[in-house]
1. List the residues whose amide H sits under 5 Å from the amide H of V134, counting only those 5 or more places along or on another chain, with H placed 1.01 Å from N in the peptide plane.
2. Output wanted: per-residue J couplings in Hz (rounded whole) for the stretch 165-171, from phi through Karplus 6.51 cos²θ - 1.76 cosθ + 1.60, θ = phi - 60°, x for Gly and Pro.
3. Hey, can you grab everything whose amide H is under 5 Å from the amide H of T219? Only 5+ residues off in sequence or another chain; H modelled, so Pro and N-termini drop out.
4. Under a crude label model (7 Å from the Cα following the beta-carbon direction), how far is E243 from M27 in nanometres?
5. Once you sort the root eigenvalues of the Cα gyration tensor of the stretch 163-269 as a ≥ b ≥ c, which label holds: rounded (a/c under 1.5), prolate (a/b larger than b/c) or oblate (the other case)?
6. For a quick check: with amide H placed at 1.01 Å from N, whose amide H comes under 5 Å from I202's, ignoring anything fewer than 5 positions away on the same chain?
7. Can you run phi through the Karplus equation (6.51, -1.76, 1.60; θ = phi - 60°) for the stretch 61-72 and list ³J(HN,Hα) in whole Hz, with x for Gly and Pro?
8. Which shape class applies to the stretch 13-84: rounded if a/c is under 1.5, otherwise prolate when a/b exceeds b/c and oblate if not, where a ≥ b ≥ c are the square roots of the Cα gyration tensor eigenvalues?
Amino acid sequence: MPEDGYLYVDPRHVRIDTEDVHFAGTMRVEAEVDMADAIDLDRAVAHGAATQAALGSTESLDVRRAKALGELARTQTALDLHTTGARTTAMTDDGDGLPVAREVVLHAHFDAGFAGDATVFGPTGRLAEGQRLVLLDQVKSWCADTRTKVTIKPVIDLNTHLKTDAYEVPDRIREHVILRDRTCVFPRCTRPARGCDVDHVIPYDPDAEAEGRPQPGPTQTDNLACLCRSHHRLKTHSAWRYEMVAPGVFEWTSPHGYRYRRDHTGTTTIDSPDPPGLPGIPRPRRP
């Protein structure tokens with residue numbers, strides 16, 4: 001602590017607002033860094049922008065500087081490892097002596113059709129992260145980077161019925177439920193399904209097999225739903241109840257007897273709205 005008695009607070013920070021996405025697919029980055037780091041970063045971004053121009057880019061300086069910052073995020077660590085001679089088993093060689101950049105996973109979904117033997121994708125799709133729209137041209141530009149790792153997963157038919165005798169949900173069934181539900185299925189919750197628990201709508205009974213009874217809550221796609229941790233606990237420890245009336249369509253009953261229908265398009269009230277004085281639908285706590 002300084003002699004004058006005032007506590008020094010270090011102002012350095014980096015904030016990336018991943019919740020606020022511009023329609024152009026951009027996010028806001030704000031930072032307070034050490035002066036030397038700021039000068040180094042400015043020079044590196046300026047150099048990257050100038051390199052793009054020298055290679056024929058006709059984009060504006062601001063756009064080239066933004067792209068240069070992205071390039072630093074993908075390659076700077078790899079360059080440092082290469083110059084020091086350090087290698088790790090988690091990284092593989094790209095053929096130029098440099099390890100690949102760190103991996104960022106995005107799940108993009110596009111409608112597709114066929115024109116002869118060729119697969120034709122629609123111009124817009126959906127990112128599972130945050131339920132955001134994404135342009136096919138954006139994905140093409142991301143994949144054009146030589147250090148981008150692209151994984152193609154098999155198409156999952158959401159009309160199929162999958163099941164297992166175990167309580168634990170296998171990855172294949174979990175992915176099916178995530179793609180079907182898209183978000184937590186509690187009324188008006190928008191938490192992305194990929195960060196949710198997969199809940200047995202009718203609880204699984206671990207003693208059923210030993211006692212010779214049929215399993216009341218089997219692990220199968222028509223008895224599983226995505227619930228964020230907060231609403232999963234609410235369903236388990238309160239009087240809220242729900243049932244699946246069709247694949248991906250759920251009807252909830254509140255402790256006061258009011259009913260709501262939830263599907264991938266949103267929430268509708270089956271009965272009249274909750275009267276004044278009754279608590280509203282609880283929202284999940286932010287992590």
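Nothing in this text is a laboratory measurement; each read-out follows from the coordinates by a stated rule. Treat the numbers as computed from the prediction; the structure is a model and nothing was measured. As a convention, Cβ positions derive from the backbone with ideal geometry for all residues, glycine included, and neighbour counts pool all protein chains shown.
1. For V134, the qualifying residues are G125, R126, L127.
2. 7, 7, 6, 5, 8, x, 4
3. T164
4. Output for this residue pair reads 4.1 nm.
5. Numbers: a/c = 1.94, a/b = 1.35, b/c = 1.44.
Oblate.
6. Residues meeting the criterion, in which the H sits 1.01 Å from N, do not exist here.
7. For the stretch 61-72, the Karplus-derived couplings read 4, 4, 5, 5, 5, 5, 5, 5, 5, x, 4, 4 Hz, x marking Gly and Pro.
8. Judged from the Cα gyration tensor, the stretch 13-84 comes out oblate (a/c at least 1.5, b/c at or above a/b).
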